Amino acid sequence: ILLLDEPAAGMNPRESRELITTISRVRERFELTILLIEHDMHFVMNLCDRIQVLSYGKIIAEGKPAEIQSDEQVIEAYLGRAASHA
């Protein structure tokens, strides 16, 4: 198991893409499970096969990247609710 805590912190987009490639190669070569904590959603969506999303320490969603991107609880937790117009 490889534990990574904010590996893309402080990186520019090119460096982040290179890191995604490097981590993917390491994962495949050594057949590793990776536990990743990361706030860069582009990084997460391009690296992870499965994702768990936490809000205030509780799991609010779990699934494949495409499922997470469209999950209403995730959208509300991280983007907020749109104001309704009366």
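Taking the criterion of being of a type in the set (A, V, I, L, M), assigned to a strand (DSSP E or B) and surrounded by 11 or more Cβ atoms within 10 Å (Cβ to Cβ), the residues of segment 36-67 that qualify are Leu36, Ile37, Ile51, Val53, Leu54, Ile60, Ala61.
Residue pairs whose Cβ atoms lie under 7 Å apart, separated by 6 or more positions or on different chains, with the first residue in segment 21-42 and under 12 Å from Leu2 (Cβ atoms) and the second loosely packed, with under 11 Cβ neighbours inside 10 Å and among the hydrophobic types (A, V, I, L, M, F, W, C), are Leu32/Ile1; Thr33/Ile1; Leu35/Ile1; Leu35/Leu3.
What pairs come up if the first residue lies in segment 1-12 and is among the acidic types (Asp, Glu), the second is surrounded by 10 or more Cβ atoms within 10 Å (Cβ to Cβ), and their beta carbons are under 8 Å apart, counting only those six or more places apart or on different chains? Correct list of pairs: Asp5/Ile37; Glu6/Ile37; Glu6/Glu38; Glu6/His39.
Output yes when any residue across segment 3-23 is in a strand (DSSP E or B) and of a type in the set (A, V, I, L, M), and no when none is.
First, pick out the residues of segment 3-23 that are in a strand (DSSP E or B): 3-5.
Checking the rest, the ones that are also of a type in the set (A, V, I, L, M) come to 3-4.
Yes, segment 3-23 contains at least one residue that is in a strand (DSSP E or B) and of a type in the set (A, V, I, L, M).
Rule-based calculations on the coordinates, nothing more; no lab input. Just so it is clear, the structure is predicted and the values come from calculations on it, not from any experiment. Note: ideal-geometry Cβ built from the backbone for every residue, glycine included; neighbour counts use all protein chains shown.
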